[in-house]
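The numbers here are math on the coordinates, done by the rules we state, and not lab data. Note that the coordinates shown come from a computational prediction; the quantities given were computed from them, not determined experimentally. Please note: Cβ atoms are built from the backbone with ideal geometry, for glycine as well, and neighbour counts cover all protein chains shown.
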Amino acid sequence: MNSVDARTVPADPESARRLREQGFDYRVVDIADYGSAVAFAQAAERGFLGGAPSDAEIERMRETWEERRNVGVYEADAVASALPVGTVNSWVASMSLPGGDARSAIPMWAISMVTVAATHRRRGIARGLLEGELRAAASAGVPVAGLTVTEATIYGRYGFGPAVPVSRIAVDARASGWRAPQAPGRLEYVGLDELARELGELHERARFARAGQIAGWRGRWLGQAGLGAGSKKDASARGVHYRDVDGVVRGAIAYTLKELPGSFRNSMTIRQLVAETDDALSALWGFAVNHDLVDRIEADLRPVDDPVVRLVANPHAVDVAVRDHGWLRILDAPAALRARRYAASLDTVIRVEDGYGFADGTWRLSIDAAGAAEVEATDAAPDVVLDVATLSSAYAGGVPLTQLAAAGRVQGDAAAVTALGRALHADPAPTLSIWY
Ligand SMILES: CC(C)(COP(=O)(O)OP(=O)(O)OC[C@H]1O[C@@H](n2cnc3c(N)ncnc32)[C@H](O)[C@@H]1OP(=O)(O)O)[C@@H](O)C(=O)NCCC(=O)NCCS
């Protein structure tokens, strides 16, 4: 599927018009202009309740944002140097889908940096920003939009559904033991520059094995490797990689250690753990769990079926807390439904309700024995009826359709819902190891 460069998509005229009526100027920001970049960065940091960004942080953000479409909302009569009162940025990211390789990836309009100044809250600015992103994505032919959220009650109204759950894992290393066999390769410490490069390369190779993963970017890997813009936590980052018996790097871990007060013992936070083989994953988890003087290991954004609970001798020593992370919003139902592979053959008619109209329609979904789908508009009576947020939740295969049905989000007879749910299910579980 062809991708587009989000930076070529102009500011949405409808949001521009609506916000202008309220005295605001909604426009694409020229982030190459230093003053505009500084103001955008300061507004975004303030929006997330952070302090003023340092010059180094601004430089790092600018490098990332130059690849993105940055939109700001300004007071119409503001001076040129004024901070925007609303920010958002977006880019078209490749997202993996069930299918297991790069051919079943889809262009996704990734939305980030949604902030509104606390002085301007609840005046419809976020609505203008979000609706503007959806119209921009749809106008560019991008079939799906996505975001990660700090609050889970904001985005359903725009048709987003929580689609890619992740787990936060805590291992009590004093009680866990270890039962997995020794992996045949070897572990080595790596310098942080090399770690950043390897995290990026490994992620890009490994991510197609699970649906829901998006391509990363340089600033992300530098930050995970502790080469961000100089926070205290960054200063204690370390990295280890795993080489297989042929000497090929198959996995890497970026982590920090923190002393538990007065104990000479430590807790380890895994910032990123990426592995493209089971051996590499087992070896790197083993490195963390069996590390001397470490009592506790924490890792966030792990797959809900992470095998660590089977690698240790005592599963009770592993706490796995599952929560929503990746949210999706289908904009073009036929394109989205055609792009992925399915787990079972099926011939069904689904009615998708979308108040915004983007994905609204009734579609015959015909899935062959190989899991490939044909999708056609139809006037036939639907077997299954659901709204676009619900379909978006189930789309990547990580949220069971039967669970959504049990919550009253899907209409249709039980057999039709179960059959569609079985086809949508993805194994291994989708995941998303990136915040954006
Ligand atoms: C969340 C935030 C972007 C909302 O901006 P805003 O301009 O005040 O929102 P709007 O006035 O456009 O509100 C649009 C709708 O969202 C609702 N809403 C806004 N903030 C909400 C919140 N925190 N929780 C739940 N609903 C919220 C509004 O009630 C309104 O609902 P309605 O139109 O259906 O009646 C803003 O408060 C903010 O910047 N917060 C800090 C940064 C942040 O959390 N960003 C989100 C990152 S995921």
Dipole magnitude of the chain about its Cα centre (Cβ charges: Lys, Arg +1; Asp, Glu -1), debye to nearest 20: 700 debye
Calculated Rg and Dmax of region 226-295 using C-alpha coordinates, Å: 13.4, 43
Kirkwood Rh in Å, taken over region 37-185 so that all alpha-carbon pairs contribute: 18.2 Å
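What net charge do the residues around Gly161 carry, taking every other residue with its C-beta under 11 Å from that of Gly161, with Lys and Arg at +1 and Asp and Glu at -1? The partial results should precede the final answer.
Working: positive: Arg329, Arg409; negative: Asp324, Asp387.
Charge balance in the 11 Å sphere: 0.
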Normalised contact order of region 332-424, rounded percent, pairs of Cα under 8 Å and 6 or more residues apart: 29 percent
Region 243-259 - phi-based ³J(HN,Hα) in whole Hz, Karplus 6.51/-1.76/1.60, Gly and Pro as x: 9, 6, 5, 8, x, 8, 6, 10, x, 8, 10, 10, 8, 10, 10, 9, 5
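Using only C-alpha positions, report the orientation-averaged shadow area of the convex hull of region 120-175, nm², one decimal.
On the way: hull surface 25.5 nm².
Projected area, direction-averaged: 6.4 nm².
Give me the extension gain from Asp278 to Arg186: residue separation times 0.36 nm, minus the current Cα-Cα distance, reported in nm with one decimal.
On the way: separation 92, 0.36 × 92 = 33.12 nm, distance 1.38 nm.
Computed gain between Asp278 and Arg186 is 31.7 nm.
Where in the chain is the longest stretch that carries no GluC sites (Glu not before Pro) classed as loop by DSSP and with at most 12 other Cβ atoms within 10 Å? Can you show the working numbers first?
Working: sites that count: Glu66, Glu151.
With a cap of 12 other Cβ atoms within 10 Å, the longest stretch comes to 152-436.
Once you wrap a convex hull around the alpha carbon atoms of region 167-323, what is its projected area averaged over all directions, in nm²? If you can, show how the numbers build up before the last one.
Working: hull surface 36.9 nm².
For region 167-323, the mean projected area of the Cα convex hull comes to 9.2 nm².
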With eigenvalues of the C-alpha gyration tensor scaled by 5 and rooted, region 348-401, Å: 18, 16, 9
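If you take every residue apart from Ala117 with its C-beta less than 11 Å away from the C-beta of Ala117, what net charge results, scoring Lys and Arg +1 and Asp and Glu -1? Don't jump to the answer; show the numbers that get you there.
Numbers: positive: Arg46, Arg121, Arg123; negative: Glu75.
Taking every Cβ under 11 Å from that of Ala117, the sum is +2.
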Cα-based Rg of region 382-436 normalised by 2.2 N^0.38 Å, two decimals: 1.16
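Do you know the relative contact order of region 110-207, to the nearest whole percent, from alpha carbon pairs under 8 angstrom that are 6+ apart?
On the way: 21 pairs, mean separation 22.0, N = 98.
Reported as a whole number, the value is 22 percent.
If you put +1 on each Lys and Arg Cβ and -1 on each Asp and Glu Cβ, how big is the dipole of region 326-401 around its Cα centre, in Debye rounded to 20? Walk me through the numbers before you get to the answer.
Details: 6 positive and 11 negative charges, 67 e Å.
Here region 326-401 has a charge dipole of around 320 debye.
For region 106-221, which semi-axes, largest first and in whole Å, follow from the square roots of 5 times the eigenvalues of its Cα gyration tensor? Can you show the working numbers first?
Working: eigenvalues 270, 74, 49 Å².
Ellipsoid half-lengths, sorted descending, are 37, 19, 16 Å.
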Pairwise centroid distance, computed over Cα atoms, of region 201-278 with region 33-57, Å: 26 Å
When the convex hull of its Cα atoms is projected in every direction, mean area for region 270-407 (nm²): 11.1 nm²
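Once R0 is set to 30 Å, what does the formula 1/(1 + (r/R0)^6) return for the Cβ-Cβ distance between Arg122 and Asp30, expressed as a FRET efficiency to the nearest 0.05? Provide the component values of the computation, followed by the final result.
Working: r = 29 Å, r/R0 = 0.96.
Result of the calculation: an efficiency of 0.55.
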Cα-based Kirkwood hydrodynamic radius, region 332-424, one decimal, Å: 12.8 Å
Listed residues Tyr242, Leu83, Phe160: farthest to the positive end of the dipole of the chain (Cβ charges): Leu83
Span from the region 288-336 Cα centroid across to the region 67-113 one, whole angstrom: 26 Å
Cα-based convex hull, the chain, per residue volume (Å³, whole number): 156 Å³
